Structures are given as C-alpha cells and as structure tokens.
Amino acid sequence: MSTFSESAATALALVTQFDPDLWAIVKRSMAVSVTACLIAFGLGLGLGAWLAVARFAGRGAVLTVLNTSLALPSVVVGLLVYLLLSRTGPLGFLGWMFSFQAMVIAQVMLVVPVVTALTRQAVEDADRSHGEQLRSMGAGTALRGLLLAWDERYALLTVLIASFGRAISEVGAVMIVGGNIDGFTRVMTTAIALETSKGDLPLALALGLILLSVVLALNALVSLLRGWRERADGGATGVAPAVAA
C-alpha cells in the first residue's frame with residue numbers, strides 16, 4: 001500500500017478504536033473552544049445588540065475598529081495574550097501562561113469581534129424593520145436591543161455556531177500561549193501541526209478527520225437553523241454565516 005493509504009487506514013483505526021491519546025486531545029480541544037465561545041457569546045451578544053441600536057459620537061469609528069478586528073491574525077492575538085500573561089506582564093501574577101486558561105483567553109479575544117459584528121448586523125437589520133414600532137411603544141435603547149435580539153434568536157444561534165467553528169479551527173494563538181504541551185495544552189490544531197512536522201501522519205490525519213467532521217456538523221446545523229428561521233418567519237432569511245475550517 002502507498003504511504004497515504006497506510007496512514008489513512010491507521011488513522012481510521014485510531015478513531016474507531018477510540019485511541020486514548022487521540023480522544024484526550026479532542027476532548028481538550030472541545031473544552032477550550034466551548035468555554036471560550038460561551039464567554040465570548042455572553043460578551044459579544046450584549047455589545048453587538050447595543051451597538052445596533054445606540055447612536056453616539058464616534059460610533060462609525062467604533063464600527064470600523066470592530067470590522068477591522070475580524071481580520072486580526074490569530075498570531076497577533078497570541079502575542080498580545082502572551083505579553084499580558086508573561087511573567088513580566090500585567091497579568092503575570094496569575095501564572096496562567098501555557099495553561100488551559102491562557103488558551104481560553106486567546107480564543108475569547110478572537111471570537112468576541114465575530115459575535116459582536118454579526119450580532120450588530122442582525123439586530124440592526126431587525127431595527128430597520130421593527131425599531132420604529134418599538135420606539136412608538138416607548139421602548140428605550142436597552143429594551144429595544146433586547147427585544148430585537150430575541151426576535152433574531154435563530155440568526156444569533158447561527159452566530160454562536162459560526163463562532164465555535166472559528167475557535168476550534170484556530171492554531172496560531174493557542175500554539176503561542178498554550179505551548180502545545182502533551183497532556184496539558186495540546187489541542188487538535190496544534191497537534192496536527194506538530195505531528196505532521198514529526199512525520200506522524202496517521203495521528204495528524206485522524207485528528208484532521210475529526211476536525212473536518214466537527215466543522216461539517218456545524219455547517220449542517222447552521223443550515224438546519226436557517227431552515228427553521230425561514231419557516232418561522234414565513235420565508236424570511238436570517239444571518240447564517242458559513243463555518244470555515
């Protein structure tokens with residue numbers, strides 16, 4: 001057999017036989033990304049809804065910075081978190097460098113702009129349609145943003161799913177602040193990079209297959225939620241960004 005077919009067969013065996021080292025990496029990766037996304041969603045949802053309905057001096061500049069942060073390279077985020085958590089950094093006293101917490105912070109910083117920007121867009125679109133009616137009923141800025149966010153709940157669920165895809169497929173930041181320590185901070189993306197460089201293709205391929213399966217499942221869930229949204233709204237479409245690997 002060729003090297004590829006041998007590696008593929010071994011990778012499949014690792015997955016189906018529930019290799020403990022493989023699934024420990026998968027569980028750790030899922031734990032980091034789920035924790036980061038829940039924190040980021042809590043922060044970004046409120047901020048995005050407020051930005052959608054609030055009007056203040058400098059709002060355009062804030063939105064420009066927000067949209068720019070969507071393209072912020074993950075290695076730059078990793079560098080910023082490294083500087084914050086390093087021994088000489090302002091948060092060095094926490095002792096979180098090369099830890100689970102450091103990776104969560106890095107992914108939160110990457111995901112918050114995504115959640116905020118997509119939430120703002122969804123709620124602002126809804127405000128154009130229903131905002132005037134809510135204002136005529138005496139709803140203030142905070143209440144209007146809350147009601148519109150609830151009205152866009154299906155779209156916001158797809159934002160959460162897309163954010164998870166962004167987090168779990170990230171490699172640069174978690175490599176820098178996590179250190180890729182075996183048994184402690186090694187996640188799927190960093191393990192794939194390391195094992196490929198070492199020539200351990202079966203493990204790298206097995207992890208790649210699992211990661212692709214997760215992303216595929218996320219995109220399928222986005223499509224399902226979009227279908228629910230369209231049926232609930234009588235054919236109206238919502239924000240349903242694709243999840244990139």
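Quick note: the coordinates plus some simple rules give every number you see, no bench work behind them. Bear in mind that the values here come from a model prediction, so they are computed numbers and not experimental data. When we count neighbours, we look across all protein chains shown, and the Cβ atoms used for this are built from the backbone with ideal geometry, even at glycine.
Here the translational diffusion coefficient of the range 60-126 follows from Stokes-Einstein with Rh set to the Kirkwood radius across Cα pairs; for 37 °C and 0.692 mPa s it amounts to 249 µm²/s. Once the Cβ-Cβ distance of D200 and Q133 is raised to the sixth power relative to R0 = 51 Å, the FRET efficiency obtained is 0.25. Per-residue packing, averaged as other Cβ atoms within 10 Å, sorts the ranges 153-160, 26-33 into the order 153-160, 26-33, beginning with the highest.
Find the centroid of the Cα atoms in the range 89-144 and in the range 1-34, then give the distance between the two in whole Å. Value for the Cα centre distance between the two parts: 34 Å. Only helices enter this figure: runs of n ≥ 4 DSSP H residues, each worth -39500 (n - 2.57), summed and divided by the residues of the chain, yield -25500 deg cm²/dmol at 222 nm to the nearest 500. In the range 150-198, the inverse of the mean reciprocal separation of distinct Cα atoms equals 12.4 Å; this is its Kirkwood hydrodynamic radius. Rounded to two decimals, the Cα-based Rg/Rh of the chain, with Kirkwood Rh, is 1.05. Between the alpha-carbon centers of the range 150-170 and the range 171-230, tell me the distance in whole angstrom. Going from one Cα centre to the other spans 17 Å. Set the Förster radius R0 to 41 Å, insert the Cβ-Cβ distance between T16 and L79 as r into 1/(1 + (r/R0)^6), and round the FRET efficiency to 0.05. Efficiency, from the Cβ-Cβ distance: 0.55. Straightening the chain between L209 and L94 buys 37.8 nm, computed as 0.36 nm per residue apart minus the Cα-Cα spacing. Screening the chain for whole DSSP H helices of 27 Å or more along their axis (Cα) with average Kyte-Doolittle hydropathy at least 0.5 returns 20-53, 201-232. Here is the tail figure for the range 83-185: Cα pairs spaced more than 22 Å apart come to 49 percent of all pairs.
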